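See structure below.
What follows is calculated from the coordinates using simple rules that are stated; it is not laboratory data. Keep in mind it's a predicted model, so treat the numbers as computed, not measured. A quick note on method: Cβ atoms are made from the backbone with ideal geometry, for glycine too, and the neighbour counts reach across all protein chains shown.
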Amino acid sequence: MSHPSAQPHSAGHPAAADAFVANEPRAHWHDKALWFIREKRDRAAASLPEWETLRDRAAQIKAHTIANLPHYLEEFEANAQRMGVKVHWAADAKEHNKIVLGILQQHNAKKVVKSKSMLTEECHLNPFLEQHGIEVVDTDLGERIVQLREEPPSHIVLPAIHLKKQDVGDTFATHLGTTPGADDPQYLTEAARGHLREKFVAADVGITGVNFAVAETGGIVVCTNEGNADLGVALPSVHIACMGIEKLLPRAADLAVFVRLLARSATGQPITTYTSHFHGPRPGCELHIVMVDNGRSDIRASDDFRRSLNCIRCGACMNTCPVYRRSGGHSYGSTVPGPIGSILSPAMEPEKHKSLPFACSLCGSCTDVCPVKIDLHHQLLTFRRELALKNLIPLSKRVSMKLLSFVLSRTWLFAVGGKVMRWVMPKLPRFMVYNRMNAWGKQRELPPMPPQSFRELYAIRKHMVNKPNGEASSHSTKGAA
Amino acid sequence: MKVGLFIPCYVDQLYPDVAMATVEVLERFGVHADFPTAQTCCGQPMANSGCTGDTRPLAEAFLRIFSGYDYVVCPSGSCVSMVRHHYEEYFHNNPTFEALKARTFELCEFLVDVLKIKSVAGKFPHKVGLHQSCHGLRELHLGPPTELMNKGTPNKVKQLLAELDGIEFTSLQRPDECCGFGGTFAVAEEAVSCMMGQDRLADHQQAGTHVLTAADMSCLMHLEGLLRRQGKDVAVMHVAQILAGREPQFASQRGGTSS
């Protein structure tokens, strides 16, 4: 089988989505798999009477933290350093990768195990380290599967959700020597476990992401379901934790709000299986925390998009998104796909990701599932305006909207234009209406063309109502027009 | 009470009976609404394409045309949402607009919240599938969306229909998933848009829907387009048409599809 492209399709999201939808049984299977998780999320959220209060609280804490970010970053750095953590600051992805490589080279490390970190995906750390002769093994099962297949993750929480067990069986048969054709999940998981144990034991350094960093303690929290972050940092003497600067929370007590929201929103679990708190290095070991900006300060400066920094990477917006479910994560061509990715990615690289804010029907479901109340669909709409201002929307669209506005701004032209359309359309031979130019008509009929518009019928009706009883009009209102 | 009718552009031109049904429903409850003929469109197609500059003249026209009315009523949650949530950038802190915004209502919302109508008497002995149009549901809160856990808000659209004699609501597996219309999305992302529409229709089919209804004709235009292409015998009606006492038009009774 051919693998979904890792690179953004040259024609953007619509073309990639088209290819995904073309395999209809698979697209439906993908939709159902994610909808199942959305339903689990609904049940988990409904089990807490205070769910909506928690969302409000989380949004407030995040708004406060982002507003006072410099203060909390300094507080966090001081407290972390007090516990012996080495704190590094990276302005962008390049600097982040250089810092990580520097630490690895300093320890002569050749083998690295890494738990899930969307930040390191965003910075493309793996290929960078591999270029420098370092083996990086993703230890999250889903991530390991896509890594073996040389694909990017298609979802931030469920990296291999686009794959069926048969695909995993084929991948493992090729790379891990499992029996060809075997697709029993238990068998495959055990094979992966054996394979990963060898990697854990041999690792020189463990890299993890960070789910939350607490300013008042200097501690970090890493959440996983597989315990792979803990295993990865338990044996090596060096632990590198990579985090975006927006991961901060002011107080340890705030964790109570976020930990309750995270797993319920992500997978419908009450809590992630492992929620590990790291407060400084173990005796004789090193803990490095790399704090990365990579465009976050610019987003923070924007009144329109600041709230997108609330994101705790739960993936709920992807699971609920009717477009994501039917087009697959790879169709977005960005590290973070789905609704939140369609804001974050074009915010960093507008030209490359200009089709993403339009890969949305503006249904608003993402906004209502978001545990930190990011107004995702409003931000997507606002982003379309940003792209128009940057001249990044197609000329055809700009011209047609100008024309439409010209017609709609002139009532007579609108009325006459409508009349002509309704008169002409039914008289045209079918091939002139339904052809390659008409995307609407590929699978849908156009609406029937009625002989009269409402404004024509209304004028007749008004005339009729007023005629037999002139007094009746005194009850109705006089028009402002 | 001076009420201005705000009719979506495509309803005016393509679905005149939906607008006429709106007039009749309002008259049934003693409201004689006026249709100011200078109106055309709320500007949403341009705004949703990012071309907000092209929306401005229409937003300004809306203010000019409707500010003399006590209430503005529109049989579309989407167009009302446009006015309520997306005109801000054209009328920043404009008190005339703020006042008009507060008086602009979607039809079902107006009936329930302003006229305080609890339900509508009449007869509609059909299996009705209610499509929850997203903008009405999630922007105007016409009902409780499945995502939110504070289920306090009643469903205004359903409530108005519920007391009609013989009406039976079909039970959907996904009660409020988007139909995939989404304005220019329907064309720009044709494949996903149509798959979303097909999936909604499949859900209605398994539930046994005979009459498909919604408070937004745009969703129904998309779904009806799919139904007619496939020759499926499901009647499509705007909520206003049911409330005005219209009978469903089944393709089988008309003797085939019209085009």
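For (1) surrounded by 19 or more Cβ atoms within 10 Å (Cβ to Cβ); (2) touching a helix residue (DSSP H, G or I) at 6+ places or on another chain (Cβ under 9 Å); (3) in contact (Cβ under 8 Å) with a residue 40 or more places away in the chain, each residue gets a yes or a no:
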| residue | (1), (2), (3) |
| --- | --- |
| A:Ala15 | no, yes, no |
| A:Asp18 | no, yes, no |
| A:Pro25 | no, no, no |
| A:Ile37 | yes, yes, yes |
| A:Arg41 | yes, yes, yes |
| A:Ala93 | yes, yes, yes |
| A:Lys98 | no, yes, no |
| A:Leu101 | no, yes, no |
Would you mind stating whether B:Arg103 is within 30 Å of A:Glu386 (Cα to Cα) and surrounded by 16 or more Cβ atoms within 10 Å (Cβ to Cβ)? no
The range A:404-445, residues that are under 19 Å from B:Ala188 (Cα atoms), in contact with a Lys or Arg (Cβ under 9 Å, 6 or more places away or on another chain) and among the hydrophobic types (A, V, I, L, M, F, W, C): none
If B:Ile7 satisfies every condition in (1) among the aliphatic types (A, V, I, L, M); (2) touching a residue at least 40 places away in the same chain (Cβ under 8 Å); (3) more than 7 Å from chain A (Cβ to nearest Cβ) but one, which is the exception? (3)
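Taking helices (runs of 4 or more DSSP H) that fall entirely within the range A:1-118, which contain at least 2 residues that are more than 23 Å from B:Cys194 (Cβ to Cβ) and of a type outside the set (A, V, I, L, M, F, W, C)? Before the answer, list the steps.
Values: elements: A:13-22, A:24-46, A:51-67, A:69-82, A:93-106.
By residue number, A:24-46, A:51-67, A:69-82, A:93-106.
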Top-ranked residue in the range B:16-59 [being touching a strand residue (DSSP E or B) at 6+ places or on another chain (Cβ under 8 Å) and within 7 Å of chain A (Cβ to nearest Cβ); ranked as surrounded by the fewest Cβ atoms within 10 Å (Cβ to Cβ)]: B:His32
Only one of B:Ala21, B:Ala33, B:Ala38, B:Ala61 is free of Cβ contacts under 8 Å to residues at least 24 places away in the same chain, over 14 Å from A:Met401 (Cβ atoms) and touching a helix residue (DSSP H, G or I) at 6+ places or on another chain (Cβ under 9 Å). Can you tell me which? B:Ala61
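Listed here are the residues, each with its yes/no results for (1) more than 30 Å from A:Ile299 (Cβ to Cβ); (2) within 41 Å of the chain's Cα centre (by Cα).
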position	(1), (2)
A:Phe383	no, yes
A:Leu392	no, yes
A:Arg398	no, yes
A:Gly417	yes, no
A:Pro429	yes, no
A:Asn438	yes, yes
A:Gln443	yes, yes
A:Arg455	yes, no
A:Ile460	yes, no
Heads up, the helices (runs of 4 or more DSSP H) in the range B:97-212 (entirely inside) with at least 1 residues that are of a type in the set (Phe, Trp, Tyr) are B:185-188
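Please work out if A:Thr179 is without any contact (Cβ under 8 Å) to a residue 60 or more places away in the chain, among the hydroxyl-bearing types (Ser, Thr, Tyr) and part of a loop (DSSP other than H, G, I, E, B).
For A:Thr179, the condition - without any contact (Cβ under 8 Å) to a residue 60 or more places away in the chain, among the hydroxyl-bearing types (Ser, Thr, Tyr) and part of a loop (DSSP other than H, G, I, E, B) - is met.
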Which of (1) more than 9 Å from chain B (Cβ to nearest Cβ); (2) surrounded by fewer than 19 Cβ atoms within 10 Å (Cβ to Cβ); (3) in contact with a helix residue (DSSP H, G or I) (Cβ under 7 Å, 6 or more places away or on another chain) does A:Val399 not meet, given it meets every other one? (3)
Provide a single number: the residues in the range A:147-159 that are within 19 Å of A:Asp183 (Cβ to Cβ) and either without any contact (Cβ under 8 Å) to a residue 12 or more places away in the chain or surrounded by fewer than 23 Cβ atoms within 10 Å (Cβ to Cβ) (or both). 4
Return yes when A:Leu380 is touching a residue at least 24 places away in the same chain (Cβ under 8 Å), touching a Ser or Thr at 6+ places or on another chain (Cβ under 9 Å), assigned to a helix (DSSP H, G or I) and within 30 Å of A:Ser342 (Cβ to Cβ) and no when it is not. yes
Quick check on A:Ser334: is it surrounded by fewer than 20 Cβ atoms within 10 Å (Cβ to Cβ) and more than 14 Å from chain B (Cβ to nearest Cβ)? no
Is at least one residue of the range A:411-427 under 26 Å from B:Glu139 (Cβ atoms) and at the interface with chain B (Cβ under 8 Å from one of its Cβ atoms)? yes
